[in-house]
């Protein structure tokens with residue numbers, strides 16, 4: 001194997017510890033680099049900003065349908081819960097994609113921002129109440145990972161007793177380990193039961209609304225759009241909250257922000273979206289025919305992923321001194337083109353509100369573990385901390 005075709009792993013602890021170093025190595029291959037996303041599973045990763053935009057917008061050349069590619073994997077592959085075909089907006093093209101996506105976008109449009117913010121605030125305070133007297137907490141396990149699930153419970157009418165199963169199912173499938181297939185299966189089982197119940201007894205929630213949308217989805221199609229919405233909304237939002245909190249707690253430019261300083265939660269989130277996007281590598285595409293794309297020959301049906309993290313780092317606006325210069329919406333953390341994230345606004349509102357409520361209640365938060373000792377989860381798709389331990393002055397009940 002020649003030097004320009006040898007794939008570089010983008011999974012495991014080495015990549016998790018310093019992904020930007022790996023992206024720098026990948027750039028010597030050009031705009032599109034060969035990578036390994038699991039032992040023995042190769043893909044191509046777009047690391048160039050302009051190339052990423054070109055791919056995300058080119059629906060004539062690239063398809064989102066993974067069915068031909070996934071035949072190269074064993075049926076038990078832990079990558080299939082993330083990349084295996086399902087009848088959803090994520091894996092569809094053209095009119096089918098438009099039909100599925102309309103259900104999601106129309107449903108999310110029903111979420112009134114002030115009501116969503118109020119619900120997030122309520123959940124945030126409920127979660128903080130659980131640990132404020134202890135003087136310490138893991139802000140991922142006890143806060144960032146829990147908060148989106150409680151919001152989903154409200155949106156979709158998920159019984160609260162299923163919250164733990166939702167968290168385990170979503171987290172397990174995204175990690176792409178040997179437990180991923182079972183984790184995704186359990187998530188689908190929870191939603192399938194809920195959809196069957198709503199078909200018989202509709203309620204005032206998004207599950208019932210998905211079922212009654214003019215697109216006329218059948219039960220399985222509704223299950224798949226709901227699981228897609230939950231997966232796309234939970235883990236990235238969890239990572240966004242956690243990564244932004246880490247920046248607020250450790251970046252000198254945010255000194256004093258916990259006490260009402262100039263740097264805001266929005267600015268911390270915007271910097272994370274530029275420099276540490278919560279989903280680092282995804283947007284799976286497959287060329288419809290043999291192509292040459294930004295100097296690299298790509299056979300039809302090959303898996304091509306977009307590195308939002310690498311592309312962003314190439315185009316990110318500089319920061320210097322005490323000033324944060326934001327590029328607003330020019331980053332690719334929400335992807336781009338017809339498959340851009342439809343939940344951008346609610347995700348931002350959830351993350352901003354979560355950070356503001358936490359830091360207003362516990363203004364003396366500080367890391368209880370040196371930043372260099374914080375472990376990062378070693379998957380190919382996300383940028384996620386394992387834990388975020390903090391300490392603070394205990395609050396009497």
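Where residues in region 299-324 are modelled with pLDDT of 95 or more and over 27 Å from the mean Cα position of the chain (by Cα), which of them is farthest from residue 59 (Cα to Cα)?
That would be 299.
Of all residues in region 46-69, which are over 27 Å from residue 215 (Cα atoms) and surrounded by 17 or more Cβ atoms within 10 Å (Cβ to Cβ)?
46, 47, 48, 49, 51, 52, 53, 54, 55, 69
Taking helices (runs of 4 or more DSSP H) that do not extend beyond region 184-290, which have at least 1 residues that are in contact with a helix residue (DSSP H, G or I) (Cβ under 7 Å, 6 or more places away or on another chain), in contact (Cβ under 8 Å) with a residue 40 or more places away in the chain and closer than 30 Å to residue 369 by Cβ?
Filter on region 184-290 gives 219-250, 265-275.
Return yes or no: is residue 43 crowded, with 22+ Cβ neighbours inside 10 Å, more than 19 Å from the chain's Cα centre (by Cα) and farther than 22 Å from residue 78 by Cα?
no
Which condition number in (1) touching a strand residue (DSSP E or B) at 6+ places or on another chain (Cβ under 7 Å); (2) closer than 18 Å to residue 385 by Cβ is the one that residue 135 fails?
Tallying (1) touching a strand residue (DSSP E or B) at 6+ places or on another chain (Cβ under 7 Å); (2) closer than 18 Å to residue 385 by Cβ, residue 135 fails exactly one: (2).
I need a count of the residues in region 92-131 that are assigned to a loop (DSSP other than H, G, I, E, B), surrounded by 19 or more Cβ atoms within 10 Å (Cβ to Cβ) and touching a residue at least 40 places away in the same chain (Cβ under 8 Å).
The qualifying residues number 0.
The values are calculated or read from the model by the stated rules, or taken from the named source; none is laboratory data. Note that this is a predicted model, so its numbers are computed, not measured. For neighbour counting, all protein chains shown are included, and Cβ atoms are generated from backbone atoms with ideal geometry for every residue, glycine included.
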